[in-house]
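Engineer: This structure is in structure tokens; I'll ask about it shortly.
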Amino acid sequence: MTDLAPPTEAPRSLASGRSALAVPPAEGLARRTISDNLAREILISERFRAQLLAGAFGGALIAFLALSASYPGAMAEFFHSRLDRVRVGLLLGGFAAYELVALRGIEKLIQSRKKPAVARRYVDTLVETSLPTLAIVYYMSIVEPFEALLLPPAFVYFVFILLSTLRLDPKLCVFSGIVAAAEYALLSFFVLQGATAKAATNPLASAAHHLGKALILLGSGVAAGFVARRLEKGFRRTLESLEDRSRILSVFGQHVSPAVVEQLLAQKADVRSELREVCVMFLDVRNFTAFSERKSPEEVVGYLNALFDFMIESVNAHHGIVNKFLGDGFMAVFGAPLRGDNDCKNAVEAAIEIVSRLEALVADGSIPATRVGIGIASGKALIGNVGSSERKEYTVIGDVVNVASRVEGLNKELGSQILVTARVFESCGLELPEASATAPLHVRGRKEPVRIFRLA
């Protein structure tokens, strides 16, 4: 394993928990990313709405033309009048063509990652919500005008108000309700003003009846706005969660366990630089160079993966993270980014479990004879996110890192597998009958000898 640089004293300005190593949180960039992703999701939702409407209008046009040509008598009886195939065909075909053009525009916006113009969205809402109005106006030419207000087209307003929720914009939903209510109310006003004496006596021709229907349309738009708002909030929360998860994985690496990721998300862990008490573990696979010289690259990689698989699992299970891979070993940290109840205890238990599982795998022939060297030290360290705007890495800097590395190297001299500093041994609070203290040893880079305990 390559030696680390000699320990250096952290600048005094770091003692406050902030330093030049602290990378300012890219909150503005994250918000823009979420906003852009949300805009894209809204466009995808609008594309679905346009596809749905284009298909519905196109299907209705084909069905109408086919049925009116094959069964003209039945169609006339069903609608109580002979429908004008040209005008109805133009109406349905025109709306189908309009939705296809809108669909094409949405596709271009999705590909170019641009946002639709606000005015265009309101125009689309106005045009679509006006379809039932046009249908009612056409019916007025073939039946008694006030009767046209009672026919099915008047209820199609609710369909367009419902579909407006797919725009994920509460204002557009309310606008759709306003358009439907206003157009229906105006039609009712003009129809009832010119109603015949016979029609005027019909209870269904009362102004209150149609005004009530207009208010229901308006209320439906408001209700759709609340639904759209809830959907938009749900989308935003999901995107924020995904963005947070992506940020954590990019900072701490994919070897962080899902459980740690969930804790970081729940606690909104910050990655700004700070001084913190941590416990650092260095692990090195013994005689790896000699092993790799006799094996193919594929065998070497498979061997390391087999080792690291359960080793990382043990570290994660004891609330630590593997911070760096060092060829045939790694550095793990306990106490950052999340603090445990007793980080020294967690580190020692993880080390003992690693050695135990390693011996079991060697005993049953799953892996070749293998020994490791583990060194553990605790102390204050500067933790934080270091790097550039293109690539950042969560790192731990301080004397404790160098001490842990040097202690791990002493395993070669002592023929041991787990060595910990006296501070770690005393802090872990574990009953370790096989532990034995060594004479104070000189660790390269430190003037004073270090008390070491051998655990395995």
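Engineer: If packing is taken as the average count of other Cβ atoms within 10 Å, what order do 395-408, 368-381, 111-124 fall into, highest mean first?
Structural biologist: 395-408, 368-381, 111-124
Engineer: Could you calculate the contour length gain from V137 to Y71, that is, 0.36 nm times the residue separation minus the distance between their Cα atoms, to one decimal place in nm?
Structural biologist: 21.3 nm
Engineer: Please give the peptides 169-177, 225-233 ranked by average Cβ packing (other Cβ atoms within 10 Å per residue), highest first, as a rough proxy for protection.
Structural biologist: By packing density, highest mean first, the sequence is 169-177, 225-233.
Engineer: Provide the packing ranking of 211-222, 327-338, i.e. peptides ordered by the mean count of other C-beta atoms within 10 Å per residue, highest first.
Structural biologist: 327-338, 211-222
Engineer: Something else: What are the ³J(HN,Hα) couplings of region 126-141, residue after residue, when phi is run through the Karplus curve with 6.51, -1.76, 1.60 and θ = phi - 60°? Round to Hz, x for glycine and proline.
Structural biologist: For region 126-141, the Karplus curve yields 4, 5, 5, 5, 7, 4, x, 4, 5, 5, 5, 4, 5, 4, 4, 7 Hz.
Rule-based calculations on the coordinates, nothing more; no lab input. The model shown is predicted, which means the values in this text are computed figures rather than measured ones. Counting neighbours? That spans all protein chains shown, and the Cβs are built from the backbone with ideal geometry, glycine included.
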